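The values are calculated or read from the model by the stated rules, or taken from the named source; none is laboratory data. Remember, predicted model here, so these are calculated numbers, not experimental data. As a convention, Cβ positions derive from the backbone with ideal geometry for all residues, glycine included, and neighbour counts pool all protein chains shown.
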Amino acid sequence: MMSLPLIAVARPQGALLVHLITFNGSPFMDHWAYWIAQGIDIDIGFVIHATGDVRNGFQLEIKRSHDLSAPGNEPTTKTPLQWIDQKYVDEGAMLNNGIPIMDYSPVGGIEKSLFQVKAPGKTLNSVEDTICSEKTYRGVAGKRLAMLMQINPVSQRRLSGRQQESYFLARQRINRMAVIAPSSFAQSYAQNFVIKTLRSINIGRLVFILRYNNNEKITSGSTDAATGPEAVIFVNNPRFWTRILIAFDLGFSEAYMLQDIDCDDLGPVFDIYLLNKDQLGFGNPFLVFAQKTLRLFIKPTNSVEQARLNASAHYDTSNKLFASFLSPDMNYSCAHWSADPSETLQSAQERKVDTLLRRLDLSPGHHLLEIGCGWGDVIISAAQKYGCKVTGLTLAKEQKQLADQRIKEAGLQDRVSVLLCDYRRAPMPEKGYDRIISIGMFEHVGKKYFNEYFGTISRLLHPKTGLMVIDGITMTEKMYNNKSPVDTFIDRYIFPGGYLPSINLLTQSLHEGSKGALEITYTKDIGPHYGKTLLAWKEKFEHNWKNIREDYVATHDNASEEDIEAFRRMWIFYFVYCEAGFRSRILGNYIICAARTPEQTMSYESASFENMLK
C-alpha cells in the first residue's frame, strides 16, 4: 500500500478534513472509504466508499448524514488524508482520477468541494440519502480503480515515469467502464443540442453515420461540396454527444481515443472547425458560457513541484517512443525547412539548431544555459561548434539519462552538464550566464508564471552583455481572448499544466517580468514550419507503429487491445490536431531574441555585426 502524505496540523481557514477510513483491515481488501465531516459533529458527514471486495467486484456509493458512531458503522482506522477548501477546490486529483462527471450543479458549501468527486450514476442533488453506482468493477480494473482513488497529488509526484504511464492506462480503462450520462434523455438532449449547433457550419460539411442506430446519416453544413472540405465521422456510442456537449475539444478527443467514434481522416474535421470557428466557439458567447457552466475539471497550477509532475507525465513516457518518430538528434520542437520538398527531418532540425545558435553570437569563453534541454542535442552542438561551456536543465529523468550518455559519447563531460532542476532553481554563476536559450519551453510555463519566467531569465543573464533566444508555440490574439474555459486535449493528455500565450502576452510579460531589463532585438513567426514538422512525426510514428506497439506491450503487462488503441489514437490525434492549427495560422511558433540592457557596443568590423547582417 502506498504511504500516505503528511498533512498540515493546523486547519486552514474554511477547510474541511478528508479522512481515509477502513473497515476490517486494508482498504484494498475488504472495505475502504473517504470521510468528510459534515459540520461541527465530527461523526456525522459524507462517506464515499466502495461496497464489496475489490478482488471480486465492488460498487461506488455516496451517503449523506452518515453517522460513524452508530452501531456497525465504526471504522477500523481513520487516517487524516488531506484538507480541502469549500470554495477553492484543489482536491480534484485525489478524488476524480479520470472518472466522468457525477453532478452538473452542486449545491451547498461541502457539495461545491465534492464537485470534483466523480463516480458514475450518482448525484449530490438527489433527495435520497444513498445512491449507488450501477457499474461493478472487477479484477485488475477494480484494483486499479481502488489504487487511483487512493493516490493524491503528493503521492503522485513520487511515481516514476513507468508508473505515470500505468496511471494514464488505468484512467483510460476507467473512462471506458464509467457512464458519463446514463439516461437516454440526457444523450438525446446532447445529440439534439450538438447537431443544432453544427447547423451553423457554412464552410464544409460534416457527415455523421450513427452505427448504434442502424447507420442513420446526419449531415451538418453546406450541401455544396465545393464550399469546403467534407468529413465523415462514424458514431459507435451515443455518449459521444454528451462528451461533446460537456467538454467539446476534450470530449471529441476522448471519444476518438476510446473508440466512441471512428474517423479515417481527422484532418478535414479540424479544418471544418477552424473554418467555422466564429460560429463553433471563438467569439460565440453562448457556447463559451455553456462550456463554463458545464466545465469538468480544475486546471493544475505550475508550482515547482507540479511542473516536475507535469513534465514526467509526458516526457518521461519512454525514450524509445520519442525516438520512433523524432529525427536521430531527438529534437522535439519545430524544424526549419528549406524550399527543397525532399529535405529530411534530420536536415531541417539541424538547420533549426544552427539558426538559433547563430542568433546567440557565441564565443569560446561564454557560458550558455539551456532551459529545457531535452535529450541534449542543442547543448552538445553549441559546445562542439563554438567551444563554449554549457549547462542544460530538464525535469525529466529519462531525458537527463540519455543526454548524459550522449555527452559522454561526444567526450564533452568537461564542458557540458545536465541538471535535473527547475529553471527557477538554476545555479547562478558569479557574473551570470552569457547566453540563455530556451526552445519549446514557454508553452509549459503556465499563465501565472510568464512574468516569473522572464524575470528569472533576466536575473540569470550577465547584466551587461547577456543575450537570450527563446522559441515556442503561440496562439492568435483572438483565440487567446476566447480560450476554452475547460481543458483541451493538449491540456489533459499531451502537456498537462501547459498554456499557450499570444505574442502580445509574451512581449508584455518579457517587459514586466524583467522590469525593463530585457530589450527585444528580433522576432519571427515560423508557424507553418511546425505544421510540416508534425506531418513528418506522424509519418514516422505510423511507419514505426509495429515497434512502438511491441515496446508498449512489453512495458504494460495488463494492457488490453483497447488500451493499446487508445494510446495509438492519442498520438495520431495530437499530430493531426496540431498540424491543422499551424496550417490555419491560429497557432504560431515565434523566435524571440532579447538582450540585457545596456547592450554592448558593436564594431562594424566585428563578427557580431556580420552575424547581424546574415
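What to note about this one:
- Checked against (1) part of a loop (DSSP other than H, G, I, E, B); (2) crowded, with 17+ Cβ neighbours inside 10 Å, Glu254 passes all but condition (1).
- Qualifying residues in the stretch 458-514 (those that are among the charged types (D, E, K, R) and within 16 Å of the chain's Cα centre (by Cα)) - the one modelled with the lowest pLDDT: Asp487
- Number of residues in the stretch 334-371 that are under 28 Å from the mean Cα position of the chain (by Cα) and modelled with pLDDT under 95 equals 0.
- Residue check, Ile195 modelled with pLDDT of 75 or more, part of a loop (DSSP other than H, G, I, E, B) and not polar (S, T, N, Q): no
- Residue in the stretch 219-230 that is at pLDDT below 90 and of a type in the set (D, E, K, R) present: yes
- Long-range neighbours under 7 Å by Cβ, at least six apart or interchain, first residue assigned to a helix (DSSP H, G or I) within the stretch 466-488, second at pLDDT below 75: Lys478/Phe282; Met479/Phe282
- Subset of the stretch 432-469 that is among the β-branched types (Val, Ile, Thr) and in contact with a helix residue (DSSP H, G or I) (Cβ under 6 Å, 6 or more places away or on another chain) - its residue that is nearest to Ile520 (Cα to Cα): Val469
- Residue check, Leu500 in contact with a helix residue (DSSP H, G or I) (Cβ under 7 Å, 6 or more places away or on another chain) and in a helix (DSSP H, G or I): no
- Applying the condition of being aromatic (Phe, Trp, Tyr) and part of a loop (DSSP other than H, G, I, E, B) to the stretch 314-368 and asking which residue is nearest to Ile490 (Cα to Cα) yields Tyr332.
- Ser333 vs. criteria buried (at least 21 other Cβ atoms within 10 Å of the Cβ), under 30 Å from Val553 (Cα atoms) and in contact with a strand residue (DSSP E or B) (Cβ under 7 Å, 6 or more places away or on another chain): yes
- Residues that are buried (at least 20 other Cβ atoms within 10 Å of the Cβ), of a type outside the set (Val, Ile, Thr) and part of a strand (DSSP E or B), drawn from the stretch 409-459: Tyr433, Arg435, Ser438
- Residue in the stretch 441-458 that is in contact with a Cys (Cβ under 9 Å, 6 or more places away or on another chain) and within 16 Å of Cys373 (Cβ to Cβ) present: no
- Flag for Ala396 being among the small types (Gly, Ala, Ser) and either at pLDDT below 95 or outside the structural domain of Leu461 (by TED's automatic domain parsing) (or both): yes
- Failed item in (1) more than 18 Å from Glu343 (Cα to Cα); (2) surrounded by fewer than 16 Cβ atoms within 10 Å (Cβ to Cβ); (3) without any contact (Cβ under 8 Å) to a residue 60 or more places away in the chain, with Glu512 passing the rest: (3)
- Residues in the stretch 565-614 that are of a type in the set (Gly, Ala, Ser), more than 30 Å from Leu274 (Cα to Cα) and modelled with pLDDT of 95 or more: Ala594, Ala595.
- Residue in the stretch 557-568 that is out of contact with any Cys (no Cβ under 8 Å at 6 or more places or on another chain) and part of a strand (DSSP E or B) present: no
- In the stretch 382-408, residue farthest from Leu461 (Cα to Cα) [restricted to those that are charged (D, E, K, R) and surrounded by fewer than 15 Cβ atoms within 10 Å (Cβ to Cβ)]: Lys408
- Of all residues in the stretch 238-255, those that are farther than 19 Å from Lys217 by Cβ have Cβ atoms under 6 Å from Cβ atoms of residues that are part of a helix (DSSP H, G or I) and of a type in the set (Phe, Trp, Tyr), 6 or more apart or on another chain, in Leu245/Phe193; Asp249/Phe489; Leu250/Phe489; Ser253/Phe489; Ser253/Phe573.
- Note on the stretch 535-563: residues that are buried (at least 17 other Cβ atoms within 10 Å of the Cβ), within 20 Å of Asp260 (Cβ to Cβ) and either hydrophobic (A, V, I, L, M, F, W, C) or free of Cβ contacts under 8 Å to residues at least 60 places away in the same chain (or both) amount to 1.
- Within the set Ile244, Ile272, the sole residue that is aliphatic (A, V, I, L, M), modelled with pLDDT of 90 or more and either touching a Gly at 6+ places or on another chain (Cβ under 6 Å) or closer than 25 Å to Lys448 by Cα (or both) turns out to be Ile272.
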